[in-house]
1. Yes or no: Ile245 of a type outside the set (S, T, N, Q), without any contact (Cβ under 8 Å) to a residue 24 or more places away in the chain and surrounded by fewer than 16 Cβ atoms within 10 Å (Cβ to Cβ)?
2. Cβ-Cβ below 6 Å, separation at least six or inter-chain, first residue in the stretch 250-275 and assigned by TED's automatic domain parsing to the domain that holds Phe240, second of a type in the set (Lys, Arg): which pairs?
3. Of the conditions (1) farther than 29 Å from Ser75 by Cα; (2) among the acidic types (Asp, Glu); (3) over 20 Å from the mean Cα position of the chain (by Cα), Glu207 satisfies every one except a single condition; which number is it?
4. Can you list residue pairs whose Cβ atoms sit under 6 Å apart, with the first residue in the stretch 138-152 being within 16 Å of Ile65 (Cβ to Cβ) and the second being part of a helix (DSSP H, G or I)? Count only pairs 6 or more apart in sequence or on different chains.
5. Considering only the stretch 110-121, I want to know if a residue exists there that is touching a residue at least 60 places away in the same chain (Cβ under 8 Å), of a type outside the set (Ser, Thr, Tyr) and closer than 17 Å to Ile65 by Cβ.
6. Scan the stretch 295-312 for residues that are closer than 14 Å to Lys214 by Cα and either of a type in the set (Lys, Arg) or surrounded by 22 or more Cβ atoms within 10 Å (Cβ to Cβ) (or both) and jot them down.
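The values are calculated or read from the model by the stated rules, or taken from the named source; none is laboratory data. Only a predicted model underlies this, so the values are computations on that prediction, with no experimental measurement involved. Neighbour counts run over all protein chains shown; Cβ positions are idealised from the backbone, glycine included.
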Amino acid sequence: MDYRLDLLNDTTFEDLVNTICQKILGTGIIVFSTGKDGGRDGKFTGTARNWPSDTTDCWSGKFIIQAKHTSNPISSCSDNDFENKILNEEVPKLIILKSNNEIDNYLLFTNRKYSGIKGEELCQKIIKETGISNTAIIGKETINNTFLNSNKDIVKQYRLNEHHIPFDFSDDEIKEIIIAFKIQLPEISDKIKNEVDKIKYNYDIIEKMEKNKKNKLSEEYYREEILSKSLMEFRKIEEFLENPINTEFKDYYFDTAHELNQMITFKRIDFDAFEELFIFIYKYICDGTTLLKGAKRHITTFLHYMYFECLIGIK
């Protein structure tokens with residue numbers, strides 16, 4: 001889910017963060033006025049209701065809460081300007097607070113994408129420099145999926161649903177395609193060895209590598225999942241789509257590819273590597289259905305084929 005937090009202004013985002021903190025820490029949040037807080041947006045003293053979990057070992061003591069907002073929808077915690085600002089401007093303030101015994105826990109909320117490696121590196125740098133072991137950076141993924149999805153009252157309060165457009169598409173047609181493909185598969189002539197060799201040597205390797213770079217599809221995924229597992233099935237898909245009895249399914253196929261590509265283009269910033277999109281779409285199609293039992297693997301193959309044929313992704 002992406003509630004487009006980048007469309008909020010700085011003040012509204014700070015208010016949103018403090019509202020979230022009332023849920024996870026408690027109602028005793030003290031909010032500081034803009035420009036008067038010495039780097040602090042909110043403060044809480046006590047034992048957290050459910051942070052970092054809702055079971056045991058909740059953090060306690062003196063909390064300092066900060067909100068860092070950006071209007072750039074593709075910004076990340078790994079951006080150099082963000083890291084430098086935190087280390088050069090915020091860390092010195094935290095060191096002073098620590099020396100004055102005014103802080104035990106530090107929560108930094110941001111609507112930037114939190115990368116598992118770079119984001120965690122920044123978090124560890126803050127801990128090392130300040131000595132505040134209970135430090136956490138909460139990126140937009142956690143804000144969207146953990147806090148907002150489970151607290152629709154906050155979504156309504158800040159009218160975030162007006163900005164949110166879900167990754168949604170008509171998946172009934174591709175389900176019908178997959179089921180028909182599975183049924184007809186035994187009748188499709190098996191020319192796999194020769195056809196795979198032909199495909200392998202006919203496509204432009206450099207062109208595909210460039211496409212992968214543009215779409216941020218990893219070389220490992222392309223080699224291990226598409227070339228090693230799906231490529232051998234592409235000729236079967238071609239025969240299936242070329243069969244005159246499947247004209248309707250062929251129309252379904254191109255309609256689905258067109259709709260998917262539009263949605264991928266619009267929601268691309270919500271995903272990092274392109275393989276995340278493959279996994280997301282696969283789960284979306286499979287979710288809650290029993291119709292595809294024994295045929296789910298073909299979903300990934302069809303998605304790979306769409307990508308290989310440049311029907312989805314940047315060409």
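1. Answer is yes for this residue.
2. Here the result reads Ala273/Lys216; Phe274/Lys216, each pair linking the stretch 250-275 to a residue that is of a type in the set (Lys, Arg).
3. (1)
4. Phe147/Ile20
5. Within the stretch 110-121, one or more residues are touching a residue at least 60 places away in the same chain (Cβ under 8 Å), of a type outside the set (Ser, Thr, Tyr) and closer than 17 Å to Ile65 by Cβ.
6. Selection gives Tyr307, Ile312.
Residue-by-condition table, conditions (1) crowded, with 20+ Cβ neighbours inside 10 Å; (2) of a type in the set (Gly, Ala, Ser); (3) in the same structural domain as Glu120 (by TED's automatic domain parsing); (4) at pLDDT 95 or above:
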residue	(1), (2), (3), (4)
Thr12	no, no, yes, no
Asp15	no, no, yes, no
Thr34	no, no, yes, no
Asp54	no, no, yes, no
Gly61	no, yes, yes, yes
Ser71	no, yes, yes, no
Ser78	no, yes, yes, no
Glu89	no, no, yes, no
